[in-house]
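Have a look at the structure below, then the notes.
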Amino acid sequence: MENDLLLICAIAFVAVLVILSLLAGVIAGICKLFPVKAVDLPDPGAEEAVRQAVTKAFPGCRVSEIREVKP
């Protein structure tokens, strides 16, 4: 009985590792197909400046999302 439980746990562990490995491979493939340019990434300094300005102007409020609106 105890051996069966150990076998089931080992099989489940290996199955999870296999599934996670497959998912990592899929994500790596997607990242290679659709690379992100550094220009497209948000500027963390600008985001922090906006958060500080909002906190100073409206105490107790927080910024949940910052989006760039392109004309």
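The values are calculated or read from the model by the stated rules, or taken from the named source; none is laboratory data. The structure displayed is predicted, hence computed values, not measured ones. Cβ sites come from the backbone with ideal geometry, for glycine too, and all protein chains shown count toward neighbours.
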Before we move on, is residue 35 assigned to a loop (DSSP other than H, G, I, E, B), of a type outside the set (A, V, I, L, M, F, W, C) and in contact (Cβ under 8 Å) with a residue 12 or more places away in the chain? no
List every residue pair whose Cβ atoms sit under 9 Å apart, with the two residues 6 or more apart in sequence or on different chains, where the first one lies in segment 44-59 and is of a type outside the set (Gly, Ala, Ser) and surrounded by 10 or more Cβ atoms within 10 Å (Cβ to Cβ) and the second, anywhere, is at pLDDT 85 or above and not in a helix (DSSP H, G or I). 54/61; 55/61
